[in-house]
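Colleague: Before I ask anything, here is the structure I am working with.
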Ligand SMILES: [Ca+2]
Ligand SMILES: [Ca+2]
Ligand SMILES: [Ca+2]
């Protein structure tokens, strides 16, 4: 997150960025930007940015100068502000002017981890590649069985709490067990509820209507990483990425024409380990390479072929060019960066761990 904002502050291309923002399932702020596209847009006046606080498409007019962005960077680090932030609040916070556009993405509430903009089918309209939690996570919400995050001061002790629920037979049932809930919301211990009774109750039965009605409720109904093909006029066709790319979350998407056939391909950085124990880790990806068939359909490449063996939590991918060669630098959480040389002919990369000199 820090590096992203550093990019925003130091890049004079911020007004052409694509931003996805929202609050993730654990209440953490999520904000993602793609700064590479629409570079020919003018500095001032209206510009385009897309935001996804659960599927909303926003048009952003940025009038803020660099000085203000530096100020915003400071603001963003304030946890009280970001804790319940959505894009409309961001608008106030950042003094950016968001205008909502009606699209068919508005029903697509994901655990969005990343977004990249690229015209993947070559029709001249920019499409969106959206990194999500994938299809291998502990919770499997869908459009009729959403996971919800309920935010309120449930025990009225002055501190904001959050409760995660999933849908069982149309009821919103807490994900966490009674003792786990009590750790977070000690006030509910006073209820003296038996484990057996607790396990049968929905959140609406555990708390009064007065509290429930005042909750901020965020929902997730879609976990696949996907490509949103832009049909124009706010209409997007959703294509899920291949099944093998759904085995882990997609933290970072790097668009690059790996095989030099004129069609943008994708390199995905994946994995997250920091979940609560019952959710286990998302660690099934070694880094994914997807080759574009020219129509925006991506074909997953076997790691034995691509040479990628990234076992860590990949957080960023940067392209580095020399006069004759192309490289990808993978940054992994709590691990050495990995530098790979792209072998254009074989869609293959050669690994080299970058170690700090002592
Ligand atoms: Ca397109
Ligand atoms: Ca509380
Ligand atoms: Ca290609």
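Quick note: the coordinates plus some simple rules give every number you see, no bench work behind them. Just so we're clear, the structure is a prediction, and the values are computed from it rather than from any experiment. Neighbour counts run over all protein chains shown; Cβ positions are idealised from the backbone, glycine included.
Colleague: Starting from the exponent 0.38 and prefactor 2.2 Å, build the expected Rg for the range 207-358 from its residue count and divide its actual Cα Rg by it.
Modeller: This ratio for the range 207-358 stands at 1.26.
Colleague: Now a separate question. If you average the C-alpha positions of the range 304-318 and of the range 217-247 separately, how far apart do those two centres end up, in angstrom?
Modeller: Rounded to whole Å, the Cα centres lie 22 Å apart.
Colleague: To make sure I understand, if each residue's beta carbon is the centre and we count other beta carbons within 10 Å, what order do 255, 199 fall in, fewest to most?
Modeller: 199, 255
Colleague: How big is the equivalent ellipsoid of the range 199-278 along its three axes, where each semi-axis is √(5λ) from the Cα gyration tensor, reported in whole Å from largest to smallest?
Modeller: Here the semi-axes work out to 38, 19, 10 Å.
Colleague: Taking neighbour Cβ counts within 10 Å as the exposure measure, how do 138, 222, 198 sort from fewest upward?
Modeller: Going from least to most buried by this count: 138, 198, 222.
Colleague: Right, here's the next one. Students often check this: by mean Cβ neighbours within 10 Å, which of 298-307, 225-234 ranks highest, and how do the rest follow?
Modeller: 225-234, 298-307
Colleague: So, R0 is 35 Å and r is the distance between the beta-carbons of residue 309 and residue 142; what FRET efficiency does that work out to, to 0.05?
Modeller: So, using R0 = 35 Å, E works out to roughly 0.60.
Colleague: Quick one: divide the alpha-carbon radius of gyration of the range 139-277 by 2.2 N^0.38 Å and tell me what you get.
Modeller: 1.40
Colleague: Give me the orientation-averaged projected area of the Cα convex hull of the range 251-317, in nm², one decimal.
Modeller: Computed as one quarter of the Cα hull surface, the answer is 4.9 nm².
Colleague: Here is a follow-up. Along the three principal axes, how long is the range 185-236 when you take its alpha carbons, biggest first, rounded to the nearest angstrom?
Modeller: So the three principal-axis extents are 55, 24, 18 Å.
Colleague: Run the simple label-point estimate for residue 125 and residue 276 please: 7 Å along Cα→C-beta, distance reported in nm.
Modeller: Going by the 7 Å Cα→Cβ label model, 4.2 nm.
Colleague: Highest mean first, how do 332-340, 204-212 rank when packing is the count of other Cβ atoms within 10 Å averaged over residues?
Modeller: By packing density, highest mean first, the sequence is 332-340, 204-212.
Colleague: Measuring from label point to label point, each 7 Å out along Cα→Cβ, what is the residue 102 to residue 231 span in nm?
Modeller: 1.5 nm
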